[in-house]
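Enquirer: Shown below is the structure under consideration.
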Amino acid sequence: MMLNQKYNLIQTRILVGLLCFLVILCFTQLVSAQEDPPRPLEVYTYQNLSFGAIIQGNSGGEVRIDPQGSRSVTGDLILANMGHQYGPAVFEIVANPGSVITINNGPDIELTGSNGGTLTLHIGTSLPTSPFVNTSTPPYRTQVRVGGILSVGNSLHNPSGDYIGYFSITFVQQ
């Protein structure tokens, strides 16, 4: 009889243990850890932003380079074709396909002239427009083209010469 009681006690404990396990299993949700972070975003400068040659008038104006590479002016500026290249900044990005990439333009900057004076550069829009989904698989690169707007004053404030400066943009991978 004692052996039978021990057997029933062991059966009861096993049955209670199984029931507890099933109850716990029913109330737990699947837990998954976050996947490893994607490969770090790589950005390469392929081409610098350049506005080409400009002839100033009495009041100045703006020169615009759009992401496709078209150049236009406002005010009394004249676009000169004197062998100076113009075009958007072109960056090449290496990222995992499906990565969402956002472009954050930096602040306006002052370009310094070789003969004195400064010009103001405002970073323009991009192509593809931000944010965009990367579709290239590494090692292939995605080209991002960025235009800009250059504010030019008259020749007293902005003497003829070469103007240079550096701008910053941030590529954020999500």
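The values are calculated or read from the model by the stated rules, or taken from the named source; none is laboratory data. Note that the structure is a prediction, hence the values are computed from the model and not measured. Counting neighbours? That spans all protein chains shown, and the Cβs are built from the backbone with ideal geometry, glycine included.
Enquirer: Could you list, in sequence order, all residues of segment 54-77 that are more than 17 Å from TYR163 (Cα to Cα) and either touching a helix residue (DSSP H, G or I) at 6+ places or on another chain (Cβ under 7 Å) or aliphatic (A, V, I, L, M) (or both)?
Expert: The first filter runs over segment 54-77 and keeps only residues more than 17 Å from TYR163 (Cα to Cα), leaving 57-59, 66-76.
Passing the criteria: only VAL73.
Enquirer: If you don't mind, there's one more thing I want to ask. Within segment 105-142, how many residues are more than 30 Å from ASN154 (Cβ to Cβ) and not β-branched (Val, Ile, Thr)? Step through it out loud before you land on a result.
Expert: As a first pass, look at segment 105-142 and keep what is more than 30 Å from ASN154 (Cβ to Cβ): 126-142.
Cutting the leftovers down to not β-branched (Val, Ile, Thr) gives us 126-128, 130-132, 134, 136, 138-141.
Total meeting the criteria: 12.
Enquirer: Return the residues of segment 111-128 that are within 22 Å of the chain's Cα centre (by Cα), of a type outside the set (S, T, N, Q) and surrounded by fewer than 17 Cβ atoms within 10 Å (Cβ to Cβ); say none if nothing qualifies. Steps first, please.
Expert: If we filter segment 111-128 for residues that are within 22 Å of the chain's Cα centre (by Cα), which is where we start, we get 121-128.
Among the residues that remain, those that are also of a type outside the set (S, T, N, Q) are: 121-124, 127-128.
Of everything in segment 111-128, those that are within 22 Å of the chain's Cα centre (by Cα), of a type outside the set (S, T, N, Q) and surrounded by fewer than 17 Cβ atoms within 10 Å (Cβ to Cβ) turn out to be HIS122, PRO128.
Enquirer: One residue is enough: does segment 145-153 have a residue meeting the conditions more than 11 Å from the chain's Cα centre (by Cα) and surrounded by fewer than 16 Cβ atoms within 10 Å (Cβ to Cβ)?
Expert: There is no residue in segment 145-153 that is more than 11 Å from the chain's Cα centre (by Cα) and surrounded by fewer than 16 Cβ atoms within 10 Å (Cβ to Cβ).
Each row is one residue, and each column tells you yes or no for (1) modelled with pLDDT of 95 or more; (2) part of a loop (DSSP other than H, G, I, E, B).
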residue: ASN58; (1), (2): no, yes
residue: GLY83; (1), (2): no, yes
residue: ILE101; (1), (2): yes, no
residue: GLU110; (1), (2): yes, no
residue: SER130; (1), (2): yes, yes
residue: THR137; (1), (2): no, yes
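Enquirer: Are any of the residues in segment 32-46 under 22 Å from the mean Cα position of the chain (by Cα), in a loop (DSSP other than H, G, I, E, B) and within 14 Å of LEU127 (Cα to Cα)?
Expert: Of the residues in segment 32-46, the ones under 22 Å from the mean Cα position of the chain (by Cα) are 36-46.
Then drop every residue that is not in a loop (DSSP other than H, G, I, E, B), which leaves 36-41.
Narrowing the set further to residues that are within 14 Å of LEU127 (Cα to Cα) leaves none.
No, that holds for no residue.
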